[in-house]
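First comes the structure, then the notes that go with it.
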Amino acid sequence: MSAPDALVHVVDDDLSMREAVSSLLRSVGLRIETYVSAAEFLERWVQPSRHPECLVLDVRMPGLGGLELQRQLGQAQQRLPIVFITAHGDIPMTVRAMKAGAVEFLPKPFRDQDLLEAIEASLARSRDALRDHEGMRALQARFDSLTPREKDVLQLVAQGLRNKQTAYRLGITEVTVKVHRHNIMEKTQASSVAALMGMLERLRHAGPR
């Protein structure tokens, strides 16, 4: 399970648990950062990360609890995969954590293999999210490279206007519209108008980046 680029954050107020989890994860080649509280994690955690990472998080701790930390991260749009560990779990608590996006909810004591599998799934989710984020950044950069006039043409193309209608709206010739449309397709690397519209829809759903 060696993943030198990955980082696992372990938040637990129990020193013996932090040490046991850290030892296990280092034995399979993972980098570890440990924290005695959720507050310390929030203070030290650096974002944005360019490497896959996940959070092994105790539920009940002095001060800010694990579920509250999960809620705060969600509100801040920080999609950090979380594996909960707890000696005081119950079904409602588990359901709440999983509905909020937790990868796993493990009662203490848990098997080493169960924790490793949960972390592996979490890091896989993190890698997928990073790839998607980088893909969206590259896509946004292609659209940002359009000139103001090309963006005007694109907006009308998205509304379904034909070249002649676009030319009339913008006060330019139809030939000029065709040139702009060619440049738009080339700069965005769209293979068709349908593909171009699909790219725009992805950017709209992604929101500000």
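Every number here is computed from the coordinates shown, using simple stated rules; none is lab data. Keep in mind that this is a model prediction, so the values were computed, not measured. Note: ideal-geometry Cβ built from the backbone for every residue, glycine included; neighbour counts use all protein chains shown.
Any idea what the relative contact order of the chain is, in percent, if you count C-alpha pairs under 8 Å spaced at least 6 apart?
On the way: 253 pairs, mean separation 30.8, N = 209.
It comes to 15 percent, rounded to a whole number.
Using a Förster distance of 30 Å, how high is the FRET efficiency between Asp114 and Met136, based on the Cβ-Cβ distance and rounded to 0.05?
Using R0 = 30 Å, I get an efficiency of 0.35.
What Kirkwood radius, in Å to one decimal, follows from the Cα pairs of the chain?
20.0 Å
Only helical DSSP H runs with n ≥ 4 go in: add -39500 (n - 2.57) per run for the chain, normalise by residue count and round the 222 nm mean residue ellipticity to 500 deg cm²/dmol.
So the helix-based figure for the chain works out to -18500 deg cm²/dmol.
Decide, for segment 28-105, between rounded, prolate and oblate: order the square roots of the alpha carbon gyration tensor eigenvalues as a ≥ b ≥ c, take rounded if a/c falls under 1.5, and otherwise choose prolate if a/b is larger than b/c, else oblate.
The shape class here is rounded.
Stokes-Einstein at 20 °C, 1.002 mPa s, Kirkwood radius from Cα pairs: D for segment 149-209 in µm² s⁻¹?
D, rounded to a whole number, is 180 µm²/s.
With r defined as the distance between the Cβ atoms of His182 and His51 and R0 fixed at 41 Å, what FRET efficiency is calculated, to the nearest 0.05?
Efficiency, from the Cβ-Cβ distance: 0.55.
In a shell of Cβ-Cβ distance under 12 Å around Glu40, excluding Glu40 itself, what net charge do Lys and Arg (+1) and Asp and Glu (-1) give?
Details: positive: Arg18, Arg44; negative: Asp12, Asp13, Glu33, Glu43.
That works out to -2.
Which shape class, rounded, prolate or oblate, goes with segment 9-51 when its Cα gyration tensor gives a ≥ b ≥ c as root eigenvalues, a/c under 1.5 marks rounded, and past that a/b bigger than b/c marks prolate?
Judged from the Cα gyration tensor, segment 9-51 comes out oblate (a/c at least 1.5, b/c at or above a/b).
Taking amide H positions as placed in the peptide plane 1.01 Å from N, state which residues far from Thr86 in sequence (5 or more) or on other chains have amide H under 5 Å from it.
Leu106, Lys108
May I ask you to evaluate 6.51 cos²θ - 1.76 cosθ + 1.60, the Karplus curve with θ = phi - 60°, for each residue of segment 70-86 and list the ³J(HN,Hα) values in order in whole Hz, giving x for glycine and proline?
Ordered by residue, 3J(HN,Hα) equals 4, 5, 5, 5, x, 5, 8, 6, 9, 8, 7, x, 10, 10, 7, 10, 7 Hz.
Amide H of Ile32 versus every other amide H placed in the peptide plane: which residues, excluding those fewer than 5 positions away on the same chain, fall under 5 Å?
For Ile32, the qualifying residues are Val8.
For a label point 7 Å from the Cα of Ala158 along Cα→C-beta, name the residues of segment 181-195 whose backbone N is under 15 Å from it.
The answer is 184-185, 188, 193-195.
One-quarter of the Cα convex hull surface for segment 94-189, in nm²?
With every direction weighted equally, the projected area is 9.2 nm².
List the lysines whose Cα sits under 26 Å from the Cα of Lys99, skipping any in the same chain fewer than 8 residues away.
Partners found: Lys108.
Amide H to amide H under 5 Å from Val56: which residues, 5+ apart in sequence or cross-chain, H placed 1.01 Å off N in plane?
His9, Val10, Val11, Val83
Each residue of segment 157-173 in turn: what ³J(HN,Hα) in whole Hz from Karplus with 6.51, -1.76, 1.60 and θ = phi - 60°, glycine and Pro shown as x?
Working through the residues one at a time gives 4, 5, 7, x, 6, 7, 4, 5, 5, 4, 4, 5, 4, 8, x, 10, 7 Hz.
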